[in-house]
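The values are calculated or read from the model by the stated rules, or taken from the named source; none is laboratory data. The model shown is predicted, which means the values in this text are computed figures rather than measured ones. Cβ coordinates were reconstructed from backbone atoms using ideal geometry, including for glycine residues, and neighbour counts include every protein chain displayed. Calculation scope for accessible area: heavy atoms of the full protein, side chains included, ligands and nucleic acids excluded. Shrake-Rupley method; radii C 1.70, N 1.55, O 1.52, S 1.80 Å.
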Amino acid sequence: MERLSGERRALVTAVRQAAAAGLDELCWDLALTSVTLFEAKGYFDDWKETTRLAYEASARAGNRIGQAAMSYSLGTLHMFQTRMEQADERFGQARELFEAAGHDHGRALVLRNAAYLDSVRGDDAAMREKYDEALAITRLVGDRIGEAHILRSLAGWWLASGNTERARALLEQALTISREENCLRVQAQVLQRFAELHLAIDQPRQAQEALQEVLRIVRDSGDRIGEAYALYGLGALRRREKRLDSATDTLTRALHLSRQVGERLVEARSRYALAEIALVRGDHQLASAQLEAARDLFADLGSRTWLERTEDLMVEAGGPNTAASGATTAT
């Protein structure tokens with residue numbers, strides 16, 4: 001922990017010094033390199049500060065690639081904080097700058113993340129178009145980790161569509177790439193999706209094995225956001241197995257960690273799952289409180305499917321007027 005804290009301070013200091021010295025190219029490169037640490041640890045304040053410093057340094061120098069890269073980074077920060085409108089705006093700026101500079105790789109990275117926003121909003125057509133274009137470019141430029149990210153995301157769409165075989169094929173490709181490139185973080189993300197696949201085809205034992213492996217990887221690397229996702233996955237699995245005490249404990253840990261790191265999607269889904277357990281136990285008051293919080297989060301995220309699911313469960317928890325009272329939050 002002390003080593004990571006020192007590394008964090010060193011990165012922030014290096015970006016500040018590069019910005020003060022007018023070393024715009026070094027400044028934005030350092031800021032972008034730092035994102036891997038800031039993202040995994042949930043150091044959003046450091047991420048925001050270094051990216052803004054690098055953006056301003058690039059703007060002063062007329063460095064359009066630096067501005068594009070930092071707009072992309074700020075958009076990604078907003079995306080992780082699930083602030084969709086701000087992310088959209090920044091991705092739009094980054095895409096225009098990368099296109100004007102003829103920087104295809106940068107454009108592919110923006111398309112990949114913008115596609116994720118489309119998926120959260122349920123716009124499948126826009127999502128597929130962006131992912132397909134981004135995938136073609138990442139393969140052309142040899143960005144194998146970017147390719148693995150996209151394959152994993154597309155697998156999630158196929159899984160949600162009920163095509164488990166197509167999802168499995170894409171996940172196997174993504175897992176092979178992440179192992180060949182020795183990228184443990186992406187490997188963990190792919191295994192997390194494999195767990196979802198195993199659950200979809202009623203293989204709870206394999207799902208648990210995958211999630212335990214994910215938890216080992218993210219804890220070894222200190223990836224707190226990855227840990228929040230893994231805990232949520234394990235909690236949902238235990239809820240499905242009717243191990244309610246264990247599920248409640250694990251989901252509560254996922255909820256607390258997600259709030260600490262600002263991962264609002266995991267927070268919302270954890271609240272929804274805890275509400276399901278509360279309803280099974282007959283605690284309608286607790287269920288209603290969790291669902292109201294989840295509803296507000298899903299509405300803010302623009303996640304229509306989960307919002308509708310939450311409002312349906314609110315009817316069961318507190319009567320038909322409960323969901324209707326929150327309908328305006330979906331706009």
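See the values below:
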| item | result |
| --- | --- |
| The stretch 293-330: number of residues that are crowded, with 20+ Cβ neighbours inside 10 Å and either at pLDDT 95 or above or in a helix (DSSP H, G or I) (or both) | 13 |
| Output for the stretch 251-269, where each listed residue is open to solvent by 10 Å² or more (accessible area, probe 1.4 Å) and over 23 Å from residue 304 (Cβ atoms) | 252, 253, 256, 257, 259, 260 |
| When residues of the stretch 276-289 are limited to those that are farther than 18 Å from residue 240 by Cβ and in a helix (DSSP H, G or I), the one least open to solvent (accessible area, probe 1.4 Å) | 288 |
| Selection count, the stretch 211-228, where residues are out of contact with any Asp or Glu (no Cβ under 6 Å at 6 or more places or on another chain) and open to solvent by less than 70 Å² (accessible area, probe 1.4 Å) | 10 |
| Every residue from the stretch 183-200 that is open to solvent by 10 Å² or more (accessible area, probe 1.4 Å) and under 18 Å from residue 239 (Cβ atoms) | 192, 196, 198, 199, 200 |
| Answer from 6, 102 - the residue that is more than 23 Å from residue 148 (Cβ to Cβ) and open to solvent by 50 Å² or more (accessible area, probe 1.4 Å) | 102 |
| Residue check, residue 144 more than 15 Å from the chain's Cα centre (by Cα) and on the phi < 0 side of the Ramachandran plot | yes |
| Selection count where residues are open to solvent by 10 Å² or more (accessible area, probe 1.4 Å) and in contact with a Lys or Arg (Cβ under 9 Å, 6 or more places away or on another chain), scope the stretch 41-75 | 7 |
| Qualifying residues in the stretch 201-210 (those that are assigned to a helix (DSSP H, G or I) and farther than 21 Å from residue 145 by Cα) - the one most open to solvent (accessible area, probe 1.4 Å) | 205 |
| So residue 156, is it in contact (Cβ under 8 Å) with a residue 24 or more places away in the chain and surrounded by 21 or more Cβ atoms within 10 Å (Cβ to Cβ) | no |
| Hits in the stretch 99-109 - residues which are over 23 Å from the mean Cα position of the chain (by Cα) and part of a helix (DSSP H, G or I) | 99, 100, 101, 104 |
| Test result for residue 23, of a type outside the set (Gly, Ala, Ser) and buried (at least 18 other Cβ atoms within 10 Å of the Cβ) | no |
| Yes/no for residue 236 being in a helix (DSSP H, G or I), under 30 Å from residue 278 (Cα atoms), open to solvent by less than 20 Å² (accessible area, probe 1.4 Å) and not acidic (Asp, Glu) | no |
